[in-house]
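Please read the structure below before turning to the comments.
Here, each number is a calculation from the coordinates, and none is a lab measurement. From a predicted model like this one, the values you see are computed outputs, not experimental measurements. When we count neighbours, we look across all protein chains shown, and the Cβ atoms used for this are built from the backbone with ideal geometry, even at glycine.
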Amino acid sequence: MQHKHPHLAHPKYRPDIDGLRAVAILSVISFHAFPDIMPGGFIGVDVFFVISGFLISTIIFSSLERDRFSLFEFYVRRIKRIVPALTLVLLSCLVAGWFLLVAIEFDQLGKHTLGGVGFIENLVLWRENGYFDNTSETKPLLHLWSLAIEEQFYIFWPLLLAFVWKRQWSFLKLTLLIAIVSFAANIYLMQRHPTAAFYLPVSRFWELMAGGMLAYANLHRPQLIDKFRNAQSVLGFALILSGLLVLNKGRDFPGWWALLPTLGAFFIISAGPAAWLNQKLLSTKPMVWIGLISYPLYLWHWPLLSYLRIVDAEASRYDKLGAIIIAIALAWLTYWFIERKIRTAKKASLTALILFLLLLATGLLGTMVHMHQGYPERSVNKQSGIPATLELFKESRESDGSCEKFNHGKPVKEEVCLSNSENPRLLFVGDSHVMALYSAIFAKQFPANSMLIAAHACPLYPNLSYTPTFDPTRVGHGVI
């Protein structure tokens, strides 16, 4: 959709929104590095969703209403904004993975690189819900799930709004309808398929729509949201702080609990830059500076923490703090020398094309890694005594058809051990004793959501007085 006036509208810069970004990214980093100190820090992602919904909807609403909207220019801007730092981080993760990851982990990294390039990492992670998958802390690209949801929103939302604008439908009614349907899907999926509720856009778009409704109100009814600005700001901070303190991994999230960060961000943004807290806290130079680098900081911090845990599972707080400092330095360098240069490049279309091709090339590298099964001939596979994954059970394509790994038998088939229903809830691990117990308890009628991982003379606890014929720690450590 190209109009006579191709330049998109620019919303007025608000330093307090960059400050709110700082609150969001600091919460996320604190949770990832020190979850015992900041158990609810993961809600920073939800704050980002509201901010994105507000800013993007403001641009699209105002551009369409002024007959200045261009899909082409919109996507060129998104490419210039998102792709440079993303490509750099993806390539860096692949290089680090070559030297640090065993084959099955590197194979998985290649697949996740594809997920990152295609902005479908949330869907990839949603499907990876088996116990043969390595833990989330050893997935360097795990954090790209939220970026994928935002990018899916960036693709879906302008197309839908352009369609609606041609038919002169109400933006507000459409935004409200999507928000209601998405929130209902969130509640429904949370009760039946919580993993889907967490990762799928259908159960997350309501948070972005909250920002969209605020954008509409800010453009058309500013007097309604300008009242009681200080009270709104205080309420918003109280809701976010409550979420940070009350929420943890054990809560059903998103669900109803996601209202805390979503409404919190909603009220803080609606309070406007003149609200006292927004002005005195969020608009300060340190907060604005962190907000400006929040995107590359989000991209860099998790791979550094993840690789730190891969190299040293017992990494100290000081090690993690060092990783965060490095992430901040890399984020600043990325923002200053890459993002700023590319955003101000004169030939925007050509720049976007080059960036897009570089991203595709990165995806090709990920494809090669995945197709070659993580390049098992690399030296790291020979040096690793205890892989962090269950390679023990993948040594051959043949199987004796059972769920048991014998000393001299053939490896198990995953599909034999794992039911075809939801994520297994019962995991039996150990030696021949647990094999016998498992068969005796369930009389070979293995229940749904259960799995047996066992090997003769291979107890889970390595300090027992066994003399096994192969290294039992590989099973125990692989599962853990």
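Computed quantities for the displayed model
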| quantity | calculated |
| --- | --- |
| Gain on full stretching of the segment that runs from Phe337 to Leu241 - 0.36 nm per residue minus C-alpha separation | 31.1 nm |
| Radius 13 Å from Cβ of Ser270, net charge of other residues (Lys, Arg +1; Asp, Glu -1) | +2 |
| For the stretch 15-371, size of Cβ-based charge dipole, Lys and Arg +1, Asp and Glu -1, in debye | 1160 |
| Cα gyration tensor shape for the stretch 169-249, rounded if a/c is under 1.5, else prolate or oblate | oblate |
